[in-house]
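Worksheet: one structure, shown below.
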Amino acid sequence: MAAAESSSSFFGLKNNRPPDDTVFYSIYPDSSVGAAAAVVVADELQSLHLRILNHISPIVSPYIWQHQSFTLSIASAPIPHLSGHLRFGDNLEDEWFVVYILFEISKAFPDLSVRVWDSDGEFLLIETAYHLPKWLKPETSDNRVFIRRGLLHIIQQSSFPVNPTLMDSLKFLVSNTDDSATRAADAVQLQLRKKLDEYPDRAYRNIHRARVIVPVSVAWVLKHEPCLISLAVEGFYDRDIDSMKYASKMEKFLPKGKQEAMVEVVVRMSRAMYAQLVQQKFQAPSCFPMPDRSNIGKYLEAELGMKITCGFEMMYQMRKKQGDEGKGSTWEAFNQSLENCGYFEGLLPGSKEYKRLMEKAEGYYRNSMLHHRASEVLSAPVKQIDEILALPHSADDFTNQDLPPSDNDSWLYGGEDELHAALLEREKEMGSHNMKQKKKKKPKEHGEEDSTSGGGFDEHDLGGIAQSMQEFVKRMSSYEGAEVAQDRDLKDVDIDVDQFMKDMEMAMGHRHTRGENDSDDELADGLSSDLDFADQLSDDYEDDSEHSENMEEDKDEFMNTYSDALSRELKDTTLSKTFVRTNDQPPKNNGNAGASDGMDELGPVDIDFNLVKNFLDSYSSQEGQSGPASNLLGLMGLRLPYDAGKDKGKGK
């Protein structure tokens with residue numbers, strides 16, 4: 001726990017990251033913040049510990065934990081406090097049930113500061129992320145989040161501009177009697193309350209009862225220690241080649257093989273455990289008695305019982321082989337912890353005061369172990385199983401019992417509805433958050449628009465879009481596009497433009513211009529000649545030097561020819577109608593059909609106006625969402641207002 005406590009900051013878990021399926025918690029009494037004698041603090045912590053265990057015992061006792069039960073132990077560093085951790089595995093209900101228990105503890109004992117975290121850090125902040133202040137981020141939240149008096153408290157940045165130490169935070173919480181200075185916003189409290197109000201009923205609903213057929217030995221163990229079902233399921237679910245060999249023999253729980261007496265009992269487990277058993281295919285060992293498949297109900301009960309029995313066998317044999325169970329849970333370990341925290345204050349063993357403190361510690365240990373019975377059993381299952389099976393038992397102990405039916409397991413196959421509801425709730429929460437953000441921005445935008453004439457066009461200078469686009473193309477675009485990384489070192493394109501134009505003109509000069517009366521054969525000849533473009537180009541340079549000398553004179557002729565060819569391609573299209581021309585000139589017919597084959601001559605186009613018009617059309621089609629127009633305008637440093645009038649038109 002000392003290692004875990006050293007990682008108690010929000011995201012300060014880089015070098016000592018907790019397991020992904022474990023929740024950690026610490027309880028700091030206000031009395032331990034000030035300087036006090038170690039023995040006095042230990043006495044107070046022991047008393048507080050027993051009172052807390054007595055308070056939560058009715059809440060915890062009906063529950064079946066996935067891997068570990070809720071426990072608390074006394075820790076001395078960095079200050080004397082109570083701490084614990086719980087592995088929840090695949091059952092997230094365990095984690096939130098722990099949070100509920102901690103909130104209940106803080107309500108019953110107001111002079112406490114409680115912390116809870118996991119591998120994600122302060123997951124309570126993650127749960128309430130849409131309602132947190134902007135300054136509260138992972139890097140600014142170390143030692144700022146606590147539970148006190150049933151509410152979430154956040155130490156504000158104004159109180160500690162730099163992240164405080166744990167001791168600074170605890171002293172601040174104790175000295176500020178007015179909780180309003182640190183109490184989180186009502187929206188944060190409400191979001192947490194919506195989650196926690198479902199408990200403990202939701203935790204109890206998470207328990208699934210199932211009828212199973214098991215050997216008498218398994219039924220006898222579960223009758224005395226129902227919590228051991230978690231270790232049996234874990235042994236089955238996490239089985240490997242080494243543990244499977246024990247399941248094939250079943251020496252401990254099925255020593256007589258198929259002659260072993262089988263009984264029907266009801267087993268309580270979490271829904272996660274039930275799913276782990278049911279949804280894995282497993283062939284029964286040859287020594288395990290299985291009923292005929294004709295009675296499907298009894299067969300399924302026997303199959304589930306077979307998996308539990310195999311899990312018990314594998315868990316028991318592997319734990320026994322390792323031989324290290326129960327470490328840290330004995331009286332010797334507890335006594336050593338008292339020595340480390342200075343409980344005996346250097347007293348000589350055997351002295352009157354030493355004996356008094358020892359008797360008090362022994363009484364505390366016995367009382368606390370009554371509440372930690374499940375934890376003690378789970379930490380030493382081999383010892384517990386041996387002791388239970390040593391007691392006399394037989395199949396008669398389980399006859400003539402009125403067993404309740406198995407719980408409906410439709411939840412196992414109908415989780416889509418619950419998942420869909422959870423997603424809708426998150427979507428609703430996200431939409432509410434986005435709406436609030438828009439409302440915060442609208443007053444400022446409207447105020448700026450009202451202060452200027454023309455509906456705020458001074459802020460959104462449409463005339464500047466064309467100029468910005470030209471500057472953007474010059475500064476930020478290249479032959480690879482406009483999205484260029486800031487740290488990218490682009491090299492200039494090594495191209496001789498004049499030489500490129502010469503090559504193009506020479507190529508065009510040697511191509512046969514196809515007229516209306518050209519045949520397909522002639523066109524094919526022209527295309528085939530293009531395939532020998534490189535050879536022709538070489539010959540031209542050698543045999544026709546005068547052509548390159550008259551290049552400037554032929555440039556105008558080349559451009560006119562190219563323009564005429566382009567006009568012929570576009571004459572049957574509506575492209576001319578999509579542009580606005582200078583001074584709103586309509587398309588003109590020059591009356592010379594021979595020059596352009598009777599098509600309308602395209603007048604001069606207002607490039608800047610068309611650019612702005614197309615930008616606005618594209619931006620409007622985005623309907624307030626992200627898109628190419630808004631992205632490109634953003635790169636140019638421009639921002640356009642949302643077209644609210646468009647939505648009004650839709651509502652009509």
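Rule-based calculations on the coordinates, nothing more; no lab input. The model shown is predicted, which means the values in this text are computed figures rather than measured ones.
Below are the figures for this structure:
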| quantity | calculated |
| --- | --- |
| Per residue Cα convex hull volume in Å³ - calculated over the range 146-206 | 108 Å³ |
| The range 91-112 versus the range 159-193: alpha-carbon centroid distance in Å | 18 Å |
| Amide proton proximity set for Leu152, modelled H, under 5 Å, gap of 5+ | Ala184 |
| Karplus (6.51, -1.76, 1.60) ³J(HN,Hα), θ = phi - 60°, over the range 144-160, in Hz, Gly and Pro reported as x | 10, 10, 9, 10, 9, 6, x, 10, 8, 10, 10, 6, 5, 5, 5, 7, 9 |
| 3J(HN,Hα) from dihedral phi, the range 385-396, Karplus parametrisation 6.51/-1.76/1.60, rounded to Hz, x for glycine, proline | 5, 4, 5, 5, 6, 6, 6, x, 7, 7, 5, 5 |
| Shape call, the range 89-147: gyration tensor on alpha carbons, a/c limit 1.5 | oblate |
| Given Lys245/Lys320; Lys249/Lys307; Lys258/Lys281; Lys258/Lys307; Lys107/Lys194; Lys360/Lys383, the pairs whose alpha carbons are separated by over 23 Å | Lys360/Lys383 |
